[in-house]
1. Rank these residues by their accessible area, most exposed first, probe 1.4 Å: Glu13, Glu19.
2. Scale the Cα Rg of the chain by the rule-of-thumb value 2.2 N^0.38 Å and send over the ratio, two decimals.
3. Among the trypsin sites (Lys or Arg not before Pro) within region 1-68, which fall in a DSSP loop and have no more than 10 other Cβ atoms within 10 Å of their own Cβ?
4. What's the carbon and sulfur percent of the chain's accessible surface, probe 1.4 angstrom, rounded to a whole number?
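The values are calculated or read from the model by the stated rules, or taken from the named source; none is laboratory data. Owing to the predicted nature of the structure, the values given are computational and were not obtained by experimental measurement. Methodologically, a virtual Cβ is constructed for each residue, glycine included, from the backbone with ideal geometry; neighbour enumeration extends over all protein chains shown. Protein only, heavy atoms only, side chains kept; ligands, DNA and RNA dropped before computing areas. Shrake-Rupley method; radii C 1.70, N 1.55, O 1.52, S 1.80 Å.
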Amino acid sequence: MSERFCVHCGREEALAGHESCRSPRTALEPPRFCPHCARRMVVQVTPAGWSARCSRHGETSSMDAFPTG
């Protein structure tokens with residue numbers, strides 16, 4: 001399944017106007033919208049990282065986004 005939606009604003013990636021979504025600051029932010037369906041995700045931020053859960057597509061975490069090792 002390809003990612004079609006911006007994880008920061010929920011709009012389609014193909015549309016223009018994502019300059020603020022691609023700033024260095026947002027690179028450190030957890031995703032707020034599901035990249036597959038654009039639904040708002042439940043996000044939990046802890047000192048160790050973050051996790052985000054879509055009701056349709058499941059959970060992802062900072063460990064998935066930035067694997068170590």
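1. In descending accessible area the options line up as Glu19, Glu13.
2. Taking the Cα Rg and dividing by 2.2 N^0.38 Å, one obtains 1.09.
3. Counting only loop positions with at most 10 other Cβ atoms within 10 Å, the trypsin sites (Lys or Arg not before Pro) in region 1-68 are Arg56.
4. Here it works out to 53 percent.
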